[in-house]
Structures are given as structure tokens and as C-alpha cells.
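The structure follows.
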Amino acid sequence: MSSNTKKSNDEPRIIMLSGDIEEENLAEATRSLFTFALSNEKEPIHIIIDSFGGQAYNMLGFYDAIQAINAPVHTVCLSKAMSAGVLLFAAGK
């Protein structure tokens, strides 16, 4: 699974989750999520999901991180969100 983040002052804050949901990639995504939230808790964070799923226990840590921040989180499914990916998709607003 790859996790890419994008941030600048004029662009939306984006986390891309694609491929399998794995511990290494979700660790990077979680760091980005908290970094975005700490920099501005009113600006939305966008998570784009394209995943067949993966390990539930890894997904639950990222799900908890989404619920723990004050910044609004918007999730978008691009192509597929299966298994653990569905729960992450449902975590957004």
C-alpha cells in the first residue's frame, strides 16, 4: 500500500491510501494526519482510498486517529474500498 501526502498553503491537505492496508503505510498516514490536524484544526483533511483492504488491527489504529483529531476529515473512495478500507471510508464526514 502506498501513502502519499500533499500540503501547501493554497492546496487541500490530502492523504492517499492505495493498495493493501499495512502497518508501515498507515504509520506514515497517521503521522501526516496528526501533522495536518496540528497545523490547522479547522481546515479539512481529505483521505482518498483505493484499497482491497488489509489487516483490521492496523486499520483500527488509523480509524482511532481520525476520531481523535478535531479537524474535519473527508473520505473519498477512488475505484475500490473493500474490507478494512470500507471502515476507513465510513470514518470520514
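The values are calculated or read from the model by the stated rules, or taken from the named source; none is laboratory data. Values in this document were obtained by computation on a predicted structure and should not be read as measured data. No Cβ is skipped: glycine too gets one built from the backbone with ideal geometry, and neighbour counts run over all protein chains shown. These accessible areas exclude ligands, DNA and RNA; they are computed on the full protein's heavy atoms, side chains included. Shrake-Rupley method; radii C 1.70, N 1.55, O 1.52, S 1.80 Å.
Give, as residue ranges, the strands (runs of 3 or more DSSP E) completely inside segment 1-64 that count at least 2 residues that are modelled with pLDDT of 95 or more, β-branched (Val, Ile, Thr) and loosely packed, with under 13 Cβ neighbours inside 10 Å. First the steps, then the outcome.
Values: elements: 2-6, 13-21, 45-54.
Once the strands (runs of 3 or more DSSP E) in segment 1-64 are filtered for at least 2 residues that are modelled with pLDDT of 95 or more, β-branched (Val, Ile, Thr) and loosely packed, with under 13 Cβ neighbours inside 10 Å, nothing remains.
Being in a helix (DSSP H, G or I) and open to solvent by less than 40 Å² (accessible area, probe 1.4 Å), is that true of even one residue in segment 73-84? Even if it seems obvious, please write down each step before you answer.
So in segment 73-84, the residues in a helix (DSSP H, G or I) come out as 84.
Then keep just the ones that are open to solvent by less than 40 Å² (accessible area, probe 1.4 Å); that gives 84.
Yes, segment 73-84 contains at least one residue that is in a helix (DSSP H, G or I) and open to solvent by less than 40 Å² (accessible area, probe 1.4 Å).
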